[in-house]
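Data block below; observations after.
The values are calculated or read from the model by the stated rules, or taken from the named source; none is laboratory data. Predicted, not measured: the structure shown is a model, and the values here were computed from it. Every residue, glycine among them, receives a Cβ derived from its backbone with ideal geometry; neighbour counts consider all protein chains shown.
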Amino acid sequence: MTKAAYLLPVVAAALVDADGRVLLQQRPEGRSLAGLWEFPGGKVEPGETPEAALIRELEEELAITVPQACLAPAAFASAPLDDRHLLLLLYITRKWTGVPRALEASALRWVRPADMHDLPMPPADRPLIGLLDALL
Ligand code: CDP
């Protein structure tokens, strides 16, 4: 078994709409895991708190603003990534400002957790579906 060299912290958001659907974005061609549907988010940069990183990523990827008080820690999962181990921290938010736009993704869609099982998702995101379904 290969030993992970270090943990890579990644944060992601489950943006929940009034109907209990969650926003997924499709990773674009030319990037790792292209075509897979993920919870929006990205790497925590050195010196950032996880919450600050997520607020930044949501502005960069979707052009929305989320107040820190509206980010509720919800679940985590891990997956191997090259010589590292990705640690994915998922936050739930029901309040944001702006209409999400796919600034980096190739597409966006609103999906009920029960319908996510049929979508191709990154290995760290997939275990979070059941947890999310139980929480919403
Ligand atoms: O935007 P940034 O470059 O910080 O992050 P990214 O390239 O979107 O994501 C960093 C790593 O986390 C990639 O390997 C993604 O595949 C992974 N990731 C994930 O597994 N699940 C997510 N919901 C978001 C990112």
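When Ser78 is tested against (1) under 17 Å from Leu103 (Cβ atoms); (2) of a type in the set (S, T, N, Q); (3) crowded, with 16+ Cβ neighbours inside 10 Å, exactly one condition is not met: (1). Here Glu51 qualifies as among the acidic types (Asp, Glu) and buried (at least 16 other Cβ atoms within 10 Å of the Cβ). Residues that are more than 15 Å from Ala63 (Cα to Cα), touching a residue at least 40 places away in the same chain (Cβ under 8 Å) and acidic (Asp, Glu) within the range 93-127 comprise just one, Asp125. Cβ separations smaller than 7 Å between residues 6+ apart or across chains give the following pairs from the range 48-60 residues that are free of Cβ contacts under 8 Å to residues at least 24 places away in the same chain to residues that are surrounded by 15 or more Cβ atoms within 10 Å (Cβ to Cβ) and among the β-branched types (Val, Ile, Thr): Ile55/Val66. Taking the range 109-133, which residues are under 18 Å from Ala34 (Cα atoms) and within 13 Å of the ligand (Cβ to nearest atom)? Passing the criteria: Met116, Leu119, Pro120, Met121, Pro122, Pro123, Ala124, Asp125, Arg126.
From the list Pro46, Pro67, Pro73, the lone residue that is in contact with a Phe, Trp or Tyr (Cβ under 6 Å, 6 or more places away or on another chain), loosely packed, with under 13 Cβ neighbours inside 10 Å and not hydroxyl-bearing (Ser, Thr, Tyr) is Pro73. Scanning the range 47-73 for residues that are part of a loop (DSSP other than H, G, I, E, B) and within 12 Å of the ligand (Cβ to nearest atom) gives a single hit, Glu48. Among the residues of the range 84-108, those identified as away from the ligand (no atom under 12 Å from the Cβ) and under 23 Å from Pro28 (Cα atoms) are Gly98, Val99, Pro100, Arg101, Ala102, Ser106, Ala107, Leu108. The residue that is modelled with the highest pLDDT, counting only those in the range 10-32 that are within 11 Å of the ligand (Cβ to nearest atom) and surrounded by fewer than 16 Cβ atoms within 10 Å (Cβ to Cβ), is Pro28.
Ala105 meets each of the listed conditions (1) in contact with a His (Cβ under 9 Å, 6 or more places away or on another chain); (2) more than 19 Å from Asp19 (Cα to Cα); (3) hydrophobic (A, V, I, L, M, F, W, C) apart from (1). In summary, Ala69 fulfils each of the numbered conditions (1) of a type in the set (A, V, I, L, M, F, W, C); (2) in contact (Cβ under 8 Å) with a residue 24 or more places away in the chain; (3) farther than 18 Å from Ile129 by Cβ with the single exception of condition (2).
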